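What follows is one structure encoded as structure tokens, with my remarks underneath.
Bear in mind these aren't lab numbers, they're just calculated from the coordinates by the rules spelled out. Everything numeric in this text was worked out from a predicted model, so none of it was measured. Don't worry about glycine lacking a Cβ; one is built from the backbone with ideal geometry, like all the others, and counts go over all protein chains shown.
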Amino acid sequence: MRTLLATTFLTMLFSQTVRSQEIIKLWPDGNIPNAIAGVQIDEKADPGSDGIMRISNVSVPTLTAYIPTKEKATGAAIMICPGGGYSILASGHEGVDVAKWFNEMGVTAFVLKYRLPDAKLMTNQQEVPLLDAMQGMTLIRQNAAKYGIDPTKIGVMGFSAGGHLASTLATHYNRGPKASEQAKPNFAILLYPVVTFGEKAHTGSRDKLLGKLNTSPELVAYYSNELQVTSQTPPTFLVHSEDDKAVPVENSINYYLACLKNGVPVEMHLYPTGGHGYGLRTAKFGSLNTWPETCKAWLMALTATK
């Protein structure tokens, strides 16, 4: 009897683990937009001595689905964009760990593994991360019934350069040849985000996305997302530390002010310490340790009213 119970338990556990980590190719037919045909590259995953998983050389973008138990599921969902300066993806503490945190509150989470700008691998490199993000959001919405998701409760979250991608999706989903309402997030959560490519830019992210020789004033303005907020931009939650030396706090402040100016519901939390890149690892930073519960309260209130 004990053997039977143990076998049943392990089977259920294995099934849940497999189910919660389904990998979905963004472009299953292999026709990946802007990819240069015939160029081969090996994806790399480096756990690093600091415990941060770094993924690079992404050529086949994917979503990895993390699904809460039916008892907890709220119908809300989120697509998570890890940061990494558009050079790598910090897919552990800004991806998988956060997805599991969302599952605990009943939110279905999808970690986006997006392509990183590289002129050797793709044409118009500045378009590529956004194309992947738009496709990811579209696929989630198209498969909402499969995952038990309410299609009006699908948001995007981004950290650092992933915050730039998330805010670009929130402000550019209806622009360009791939413009689509299906790609519009219903809300956005931005953690220490790169927002501007202007005076307070994180120059590393800007140079990787646009290329050092492709920084015309028009292109810089186009990807400075505080300048692109409209009344159609989705409700937004912002978190930033005032002592962030990598991405100045003004990135969040100016996006917040743009949301206020355009009548977009917005909430921002600034903390005196924390630096950059902490994700959920906030225990040693005093008041910053409260951001996850504050974010949860905001999200539950927002999705409960829809």
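The distance between label points at residue 301 and residue 123 comes to 4.8 nm (points 7 Å beyond Cα on the Cα→Cβ vector).
Quick one: if the Förster radius is 22 Å, what FRET efficiency do residue 290 and residue 147 give, using the C-beta to C-beta distance and rounding to 0.05?
Working: r = 30 Å, r/R0 = 1.36.
E between residue 290 and residue 147, to the nearest 0.05, is 0.15.
Mean separation of Cα pairs under 8 Å and 6+ residues apart, divided by the residue count of the chain: what relative contact order is that in percent?
Details: 609 pairs, mean separation 42.8, N = 306.
Rounded, it is 14 percent for the chain.
Given 4 °C and 1.567 mPa s, compute D for segment 2-304 with the Stokes-Einstein relation, Rh being the Kirkwood radius over Cα pairs; round to the nearest whole µm²/s. Translational D for this selection: 67 µm²/s. Full extension of the segment from residue 246 to residue 56, taken as 0.36 nm per residue of separation minus the current Cα-Cα distance, would add 66.4 nm. What does DSSP give for segment 2-304 in terms of the percent of beta bridges that are antiparallel, rounded to the nearest 5? Restricted to segment 2-304, the bridges split so that about 40 percent are antiparallel.
First measure r as the distance between the Cβ atoms of residue 25 and residue 273, then evaluate 1/(1 + (r/R0)^6) with R0 = 35 Å and state the FRET efficiency to the nearest 0.05. Working shown, then result.
Values: r = 41 Å, r/R0 = 1.16.
After rounding, the FRET efficiency stands at 0.30.
For a protection proxy built on the mean count of beta-carbon atoms within 10 angstrom, sort 253-263, 100-110 highest first, please. Let's see the in-between values first.
Details: 253-263: 18.3, 100-110: 20.0.
Ranking, from highest mean packing down: 100-110, 253-263.
Pairs spanning more than 25 Å between alpha-carbon atoms, out of 100/153; 120/245; 212/245; 44/100; 113/208; 178/208: 120/245.
Could you sort the peptides 293-299, 185-191 by per-residue average Cβ neighbour count (10 Å cutoff), highest mean leading? Mind dumping the intermediate values first?
Working: 293-299: 15.6, 185-191: 25.3.
For the peptides 293-299, 185-191, the packing ranking is 185-191, 293-299.
Membrane-span-like helices in the chain: DSSP H runs reaching 15 Å or more (Cα, own axis), mean Kyte hydropathy at least 0.0?
Numbers: long enough: 2-19 (25 Å, 0.66); 128-142 (21 Å, 0.53); 161-172 (16 Å, 0.30); 250-261 (16 Å, -0.12); 291-304 (19 Å, 0.37).
Helices passing the filter in the chain: 2-19, 128-142, 161-172, 291-304.
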